[in-house]
Amino acid sequence: MTAARQAALGLLLRCFLVSFMVGFLAAMLACSKTQFEREHDAAVNDNPWGVELQIKTAGDTRKFHRGDTLRFQEFYTAKSARMWQLEVLEASNAADIANLAYLSDGSATRKLSYAAENASCCKWRYVTLNTDPVRLPYRFDGDPDGWFRSVRLPEQPGKYQLYVETHRLLMRKGDGLDPATHTGYPLISNDVLTIEILP
């Protein structure tokens, strides 16, 4: 065997080993995810194209006491300017009532509504999405808690994971609005928050 063939064979073998290791590591990373994270990833894959929803806790807090309220904000962006619009009022309208938080303790997942409280019905306001994040709650009315959405946490100590689903998203021409429920496309937050409830 010539030196050139030996070098080519060695290069081919190294490429094969690198490809095998990359595939193996990818499989190991996929297996290291929890069932909740895999369900979240599958739901995110069904999100409308080019729109992202990130959630952020107040003060980036990740540790809570039993029965605390988790306060968070939602940040919406779109890759394509003027393609998508978002319903932004906290008015207990159909889109707000449809808000859900998915909370898992590692063995079971519960769905929690986080609609606004003490608000009037059937008001709407739409803003166009682009690469600049639109924050919900959208406006501040003097109440410091008005900056945040909230979910009541369980009494049981332990580690939990959470993501949210909203129905505020429409195409700019109005496509995607369900006439029966007056809600838009379901949108799953791209991130999963890991939190801990202390004893």
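Annotations
- Of the GluC sites (Glu not before Pro) found in segment 56-131, the ones in coil according to DSSP and having at most 15 other Cβ atoms within 10 Å of their Cβ are 117.
- With 26 Å as the limit, the listed pairs 111/173; 56/111; 123/173; 63/123; 33/159; 56/79 have 111/173; 63/123 beyond it between alpha carbons.
- Cα shape, segment 28-88, gyration tensor, a/c 1.5 rule: oblate
Read-outs: derived from the displayed coordinates by stated rules, not from any lab. Remember, predicted model here, so these are calculated numbers, not experimental data. Glycine gets a Cβ as well: all are built from the backbone with ideal geometry, and neighbour counts include every protein chain shown.
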